[in-house]
Amino acid sequence: MGCVIDLASVSKEYLLGENSFKALDDISFQIEEKQVVVLWGPSGAGKTTLLNIISGLEKPSHGEVRVLGLSLEDSDEDFLALFRCINIGFIFQSYNLVSSLTARENVELMMELAGWHDDGRNARLASELIRSVGLSDRANHLPAQLSWGEQQRVAIARALANDPRIILADEPTGNLDSSTGREIIELLRRSSEEHGKTVVITTHDERIAGLAHVIFHLDKGRLKAVDRPDRIRH
Ligand SMILES: Nc1ncnc2c1ncn2[C@@H]1O[C@H](COP(=O)(O)OP(=O)(O)O)[C@@H](O)[C@H]1O
Ligand SMILES: [Mg+2]
């Protein structure tokens, strides 16, 4: 199985006044196609920074990042934006839905950004995705008219909209009650098992860790341990 994400000695330093602060310190790992990978660690461990670096939203201070064979440091911003639209579905911690667009339109927007121009087909696929996350009766609601859990489900439908090979999810059950959290976990499991996506999830949630093929434990920006709870499944 191919390696889709390859980090070699990645560090990230932030300048705070005169001092620099290391949010990530010499991280190296590889993620294989179709794996579900959990980035586990306390708040401040560097999980969000790592997801941002994998998606090319942030650049490492040192080290190399290759995603689907592309070296991110050699790519300019415009190319990276297009690369993300085509290959990556990002479920942000704060959802980042467009507030003036309905649930279905938010999903359809990702298809347009990925360069899919058949409006009739996009609208049909968007409706199917909205149904698959259990929100058919909310398809025409604006984000402000939806609960947190419903917004999170729209964010997941949107992350799948461009049929990306990689899904990155930042604490996807963080703001949810436990039954909505279970539904989100089920959607992530199906993304991997039925749709063959590579899924990288940051979390503190034991139930999500239960889905993982590999768990990278982070603490204070360092990779402390690697667990492979289920070697046989992939
Ligand atoms: N833009 C920034 N400037 C300065 N420090 C930052 C910035 N972004 C993150 N940090 C710091 O880097 C550390 C890791 O942050 P983050 O990746 O958000 O951790 P996590 O997602 O694991 O909670 C934290 O101590 C945070 O304060
Ligand atoms: Mg975070």
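If I filter the stretch 199-213 for residues that are open to solvent by 10 Å² or more (accessible area, probe 1.4 Å), within 16 Å of ligand 1 (Cβ to nearest atom) and in contact with a helix residue (DSSP H, G or I) (Cβ under 9 Å, 6 or more places away or on another chain), do I get at least one hit? So far as the stretch 199-213 goes, yes, one or more of its residues are open to solvent by 10 Å² or more (accessible area, probe 1.4 Å), within 16 Å of ligand 1 (Cβ to nearest atom) and in contact with a helix residue (DSSP H, G or I) (Cβ under 9 Å, 6 or more places away or on another chain). When the residues of the stretch 55-107 are filtered to those that are polar (S, T, N, Q) and open to solvent by 30 Å² or more (accessible area, probe 1.4 Å), which remaining residue is nearest to Glu13 (Cα to Cα)? It comes out as Ser61. If the condition is being under 18 Å from the mean Cα position of the chain (by Cα) and without any contact (Cβ under 8 Å) to a residue 24 or more places away in the chain, then the stretch 83-128 contributes only Ser94. For the stretch 166-191, the set of residues classified as touching a residue at least 40 places away in the same chain (Cβ under 8 Å), within 15 Å of Gly89 (Cβ to Cβ) and either more than 14 Å from the chain's Cα centre (by Cα) or open to solvent by less than 10 Å² (accessible area, probe 1.4 Å) (or both) consists of Ile166, Ile167, Leu168, Ala169, Asp170, Pro172, Leu188, listed by residue number.
Checking each residue in the stretch 1-21 for being within 16 Å of ligand 2 (Cβ to nearest atom) and either crowded, with 21+ Cβ neighbours inside 10 Å or touching a residue at least 40 places away in the same chain (Cβ under 8 Å) (or both) picks out only Lys12.
Every listed requirement among (1) in contact with a strand residue (DSSP E or B) (Cβ under 7 Å, 6 or more places away or on another chain); (2) basic (Lys, Arg); (3) surrounded by 20 or more Cβ atoms within 10 Å (Cβ to Cβ) is met by Lys34 save one, (3). Here Ala161, Ala126, Ala155 are screened, and the one residue that is in contact with a strand residue (DSSP E or B) (Cβ under 6 Å, 6 or more places away or on another chain) and surrounded by 19 or more Cβ atoms within 10 Å (Cβ to Cβ) is Ala155.
The values are calculated or read from the model by the stated rules, or taken from the named source; none is laboratory data. The structure presented is a predicted model; accordingly, all values stated were derived computationally and were not measured. As a convention, Cβ positions derive from the backbone with ideal geometry for all residues, glycine included, and neighbour counts pool all protein chains shown. Quick note on the areas: whole protein, heavy atoms, side chains included, nothing else; ligands and nucleic acids left out. Shrake-Rupley method; radii C 1.70, N 1.55, O 1.52, S 1.80 Å.
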